[in-house]
Amino acid sequence: MKRRIAWNAPRTACAAVCLAGSFAFVQPSQAAEYGLGTYLLGLSIPMSGFTPPPGFYLSDTAYAYQGAASGSVRFPFGRVLAAQIKEDFLFDISTMTWITDVKILGGNLGFAATIPFPIGTERTSVGATFTSPTGNMVSGSLTQSTFGIGDMAVAGLVGWHDGNSHWNVAVTGTIPTGIYDPTSISFLGLHRPSVDVRGAYTYLDPQTGLEISAAVGTTFNYINTATNYQSGNELHFEWDVNEHFASGFSLGVGGYVYDQVTGDGGSGDRIGPFEGRVVAVGPLVGYTFKFMEIIPVQLNARWFHEFDVRNRVTGNSIFGTISVPLLNINLPPALAAKY
């Protein structure tokens, strides 16, 4: 027996959040300089290919990451070469998305911005030996913490629909506005601009609630002028299989694959290409409801465990997202008549 799933405002709000949230942010542990990339893997899951109806959407995501790497690999931490790394990230990420009525090749044009006013913390520890900013080899350990804002991102996108198929393309620019010090091992920004080009597809059957999504993209990094370190280009792939129930709950599984496709370089590179790789998988859970029977709200949580790692920290990511539409809320007829 088929179960018809109403595709209502809460789920379209979720799609906007997933779409915009994938645009950019410092992502722990992806090779390149600091072992990090600007594209935040896992934030666009689920519904990565779905573009919501025209309107404004706001999301807020609590993001936590904890990872470690053994002393067998040295990481380029700005002007420091560090080994035996431990990283802890805790961030609040706010994203505003605007989907317009403007059509480009039949698809809706949209814009998004990840605003850096949320406060975040990052704590890094290194052990064994590391190279100090003066070039001296120092034994022992070092721990530093940073509190402040991260890098900002802005994006443009176009999204299409055809029956149960939905897809979009997005171009995102990362602006290095985060807290940064090339002599510190703790930071909230990477001090390197980047451009990410991504395409995503979602199959959604409203009769059964089955959703299958996939997204692939490439991040093109510019040089860090503070360290003269040129990070290579990075390929990322994300996916999920999710079941949306008539009760408002959803359950599924998803993951990502990351691979640095060109080596690092520049006069500040002291370790060679340092090309990294990672694979991750984990469960998804969501719930949609209407606050005061008026405002659609979508909650979503994801956990990803990383494995098959090369030249990066290995860890776990946790996302908790709440999202709401702003100027396109459909009021009940009785209330709509009053406004």
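Any read-out appearing in this document is the output of simple, stated calculations on the displayed coordinates, not a laboratory observation. No experiment lies behind these values; they were computed from the predicted model shown. For neighbour counting, all protein chains shown are included, and Cβ atoms are generated from backbone atoms with ideal geometry for every residue, glycine included.
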Unit Cα scatterers, Debye sum, region 43-124: log10 I(q)/I(0) for q = 0.12, 0.14, 0.25 Å⁻¹:
-0.58, -0.70, -1.20
Computed on Cα atoms, Rg of region 146-274 relative to 2.2 N^0.38 Å comes out at 1.34
Any chance you could run the full-extension gain for residue 326 through residue 222? It's 0.36 nm times the residue separation minus the Cα-Cα distance, nm to one decimal.
33.9 nm
Suppose we look only past 20 Å in the calculated P(r) of region 210-317. What percent of the Cα-Cα pairs does that tail hold?
56
Obtain the radius of gyration and the Kirkwood radius of region 137-217 from its C-alpha atoms and give Rg over Rh.
1.23
Two-site FRET efficiency, residue 66 against residue 101, from Cβ-Cβ distance with R₀ of 51 Å, rounded to 0.05
0.75
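Kindly give Rg over Rh for region 223-276, based on alpha-carbon atoms, with the Kirkwood expression for the hydrodynamic radius.
Result for region 223-276 is an Rg/Rh of 1.35.
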